[in-house]
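The values are calculated or read from the model by the stated rules, or taken from the named source; none is laboratory data. Small disclaimer: the values here were computed from a predicted structure and weren't measured. We place every Cβ from the backbone using ideal geometry, glycine too, and count neighbours over all the protein chains shown. For accessibility, only protein heavy atoms count, side chains too; no ligands or nucleic acids. Shrake-Rupley method; radii C 1.70, N 1.55, O 1.52, S 1.80 Å.
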Amino acid sequence: MNAFSRGSAPLRKAAWIDYGRFLLLVGVAVWLLALGTRGLGYPWQWYRVPPFLFSADNGIWTAGPLLRGLAVTLQISLLSLVGSLLFGLTAALLRLSSSFSARALARGYLELIRNTPLLIQIFFVYFVLSPVLDIGAFASATLALSLFEGAYAAEILRAGIVSLHRGQWEAAHSLGLGTFDTYRHVILPQAVRRVLPPLAGQAISLVKDSALVSTIAIYDLTMQGQKIVAETFLAFEIWFTVAAIYLVMTFGLSFLVRGLEKRMNGAPLRGAGGFG
Amino acid sequence: MTAQARIIEATELSKTFPGGVVALDRFTLSVGRGEVVVVIGPSGSGKSTFLRCLNGLEEVDRGTVVIDGIPLDHHRKNRLLIRREVGMVFQSFNLFPHMTVRENIDLAQVRVRRKSRAEAAETTMGLLRKVDIQEKADRYPHELSGGQQQRVAIARALAMNPKVMLFDEATSALDPEMIGEVLEVMRTLAAEGMTMVVVTHEMGFAREAGDRIVFMEAGRIVEEGETERFFGSPRQERTKVFLRQIL
């Protein structure tokens, strides 16, 4: 936009050429897609999709299986997000602690989780841990996702914490603040703000990874999609719809985080720790 | 000087950094109540390390530090007690950038001194008036000039109502035109009877506000003495050379 409102004539011209290129790119993509679908010879039946989303009976709207699946996905994602932040924060603080056993514990957790597939972890929690802990499929899924994403969140948070200027610790300590107060009031607010973008990326990964819980018979968005496809053979329409719903969710999350970043920008990142 | 009158007693402090640099070499110094001691010396002589050992920001290898009768040892409680009584001002200000000026000064009053918000706010406004920066109370540190930030940092340390103030090259990071305003605040504090240990290169301030000058090099005291005597008739050859270089 700025390129149009401001700048000299040659700059404006360059901007127009740039936008022209973009339109050309979109045009080619649409043309390729149209070509592909025609060549496929697939009988598109989009009109059969809406009932799976919602149905309206005498003015009463009821959610279809896809929207019910979405609700489950949202629930699991939200709970796991809280869980992963808890695990992540704990592991990050343990890794930074001066105690050897605390560091070893955190290290063991991180290596174990990050070096095995999420799918296996979900199976492990569901088939091995859940009978011991006496928890159901939903809780198992939430626990597995929390543990998995928590390991990544831990490294992100740790990076944010160690990136702060040493002077912040020293100032807090010289005022007599203990470790807890220093973390809570001085270190974490700054560290979290710095790593908000990668943390948001992790949250988006979590939403997408939650599709794997369909393997332990949880009727999330993916599982509902699978079931409908098995019954109706509307493979393309349903999977496109499911993908679009995931896209809306993750885009929504990105917007949310961007808003949060702006709101937190009362004091910008620069100048942290004395020298600009 | 009686033992009671000495508020800082640092005895035989030794510290070697991992790289092998000797920062303190059996360094002994005591400071009386209300005394202003100015520590000078070439860079790398251990001045800052000495200050940082006084409130436990740096660990000594050997030696003892006792502040107002409390030993700075491995007991966490003693360490926290000492840090409450010892305020510190840093070269790089180290204000908390995500908090306003007011919040910076309130924090430790509420969290450490357990004051109510209202009490803390009152103290804060009083201190901001003292360092003449009350109109910036709701600004963030990055909106302030260096001199203003350092004055806020002094107010933040004073908010704990400390018995001792340590100044670690408080004006070294400032633009020349801002040094005066910070030194002014420090002079006022000295005149009010605050016990101060000041590491600085500002010889004007040392002469004017210092009761005693300590010249150190390579972690040891080369010469110390009352301000007038020290500048008027330095005894050590090394001191004379150093003073000639910087004056």
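In square nanometres, what is the average projected area of the Cα convex hull of the stretch A:127-181?
On the way: hull surface 22.4 nm².
Projected area, direction-averaged: 5.6 nm².
The residues of the stretch B:128-178 present an accessible area of 37 Å² per residue when probed at 1.4 Å with all protein chains retained. Evaluating 6.51 cos²θ - 1.76 cosθ + 1.60 at θ = phi - 60° for every residue in the stretch A:78-95, the Karplus couplings come out as 5, 4, 5, 4, 4, x, 5, 5, 5, 4, x, 5, 4, 5, 5, 5, 5, 5 Hz, glycine and proline recorded as x. Three principal axis extents describe the C-alpha atoms of chain A; from largest down they are 72, 71, 40 Å.
Net charge near residue A:197, counting Lys/Arg +1 and Asp/Glu -1 over other residues with Cβ under 13 Å of its Cβ? Intermediate values should be presented prior to the final figure.
Working: positive: A:193, A:194, A:258, A:262; negative: A:261.
Within the 13 Å Cβ shell, the charges total +3.
Based on the reciprocal of the average 1/r between different C-alpha atoms, the Kirkwood radius for the protein assembly as shown equals 28.1 Å. Seen from residue B:70, the other residues with C-beta closer than 15 Å to its C-beta sum to a net charge of +4, counting Lys and Arg as +1 and Asp and Glu as -1.
How would the stretch B:11-89 be classified by its alpha-carbon gyration tensor: rounded, prolate or oblate, with rounded meaning a/c under 1.5 and the a/b versus b/c comparison settling the rest? Since a/c reaches 1.5 but b/c is at least a/b, the shape of the stretch B:11-89 is classed as oblate. Sorted largest first by accessible area at a 1.4 angstrom probe radius, with every protein chain in place, the residues A:23, A:196 fall in the order A:23, A:196. Distance from the C-alpha centroid of the stretch B:159-186 to that of the stretch B:121-152: 13 Å, rounded to the whole angstrom.
For residue B:27, the amide hydrogen comes within under 5 Å of the amide hydrogens of B:12, B:13, B:14, counting only partners 5 or more places away or on other chains and with H modelled in the peptide plane.
Dividing the helix sum by the residues of the protein assembly as shown, where each DSSP H run of 4 or more adds -39500 (n - 2.57), gives a mean residue ellipticity at 222 nm of -17500 deg cm²/dmol.
Taking the Cβ of residue B:31 as the center, what net charge do the other residues with Cβ under 10 Å away carry, scoring Lys and Arg +1 and Asp and Glu -1?
On the way: positive: B:6, B:33, B:212; negative: B:9, B:35, B:211.
Net charge in that neighbourhood comes out at 0.
Students often get this wrong, so check it: of B:77/B:115; A:262/B:115; B:15/B:240, which have C-alpha atoms separated by over 25 Å? Result: A:262/B:115; B:15/B:240 exceed 25 Å. Size check on the stretch B:119-189: the Cα extents along the three principal axes, sorted descending, read 36, 29, 17 Å. Divided by 2.2 N^0.38 Å, where N counts the residues, the Cα radius of gyration of the stretch A:137-276 comes to 1.42. Couplings for the stretch A:96-102, taken from phi via the Karplus curve 6.51 cos²θ - 1.76 cosθ + 1.60 with θ = phi - 60°, read 8, 6, 8, 7, 5, 5, 5 Hz in order; Gly and Pro are left as x. Taking 12 Å as the cut-off, the amide N atoms of the stretch B:45-89 that come nearer than this to a point 7 Å along the Cα-to-beta-carbon line of residue B:14 belong to B:61-64. Taking 0.890 mPa s as the viscosity and 25 °C as the temperature, the Stokes-Einstein diffusion coefficient of the stretch A:187-248 based on its alpha-carbon Kirkwood radius rounds to 182 µm²/s.
If you keep only loop residues by DSSP, which chymotrypsin sites (Phe, Trp or Tyr not before Pro) in the stretch A:189-259 have at most 15 other Cβ atoms within 10 Å of their Cβ? Let's see the in-between values first.
Details: sites: A:219, A:233, A:236, A:239, A:240, A:246, A:251, A:255; in loops: A:219, A:233.
Sparse-neighbourhood loop chymotrypsin sites (Phe, Trp or Tyr not before Pro): A:233.
Each residue of the stretch A:55-71 was assigned a 3J(HN,Hα) from its phi angle through the Karplus expression (A = 6.51, B = -1.76, C = 1.60, θ = phi - 60°), giving 10, 10, 10, 6, x, 9, 8, 10, 6, x, x, 5, 5, 5, x, 4, 4 Hz with x at Gly and Pro. Under 5 Å between amide hydrogens, built in the peptide plane, is the criterion, and for residue B:195 it picks out B:34, B:165 among residues at least 5 positions away or on other chains.
Rounded to the nearest Å, what's the spacing between the alpha carbon centres of the stretch A:110-137 and the stretch A:200-232? Just the number, please. Between the Cα centres of the stretch A:110-137 and the stretch A:200-232 lies a distance of 17 Å.
If you place +1 on the Cβ of every Lys and Arg, -1 on the Cβ of every Asp and Glu, and leave all else neutral, what size is the dipole of the protein assembly as shown about its Cα centre, to the nearest 20 Debye? Don't skip to the end; give the middle numbers.
Numbers: 56 positive and 47 negative charges, 132 e Å.
Result for the protein assembly as shown is approximately 640 debye, rounded to the nearest 20.
Report the longest stretch of chain A that contains none of the trypsin sites (Lys or Arg not before Pro) sitting in a DSSP loop with at most 13 other Cβ atoms within 10 Å. Counting at most 13 other Cβ atoms within 10 Å as exposed, the longest clean stretch of chain A is A:7-269. Normalised by 2.2 N^0.38 Å, where N is the number of residues, the C-alpha radius of gyration of the stretch B:67-121 stands at 1.33.
Reported to two decimal places, what Rg/Rh ratio describes the stretch A:87-187 when computed on Cα atoms with Rh from the Kirkwood expression?
On the way: Rg = 16.7 Å, Rh = 15.2 Å.
Ratio of gyration radius to Kirkwood radius for the stretch A:87-187: 1.10.
Considering all alpha-carbon pairs of the stretch B:62-172, what whole percent are spaced by more than 23 angstrom?
On the way: 1826 of 6105 pairs.
Roughly 30 percent, once rounded to a whole number.
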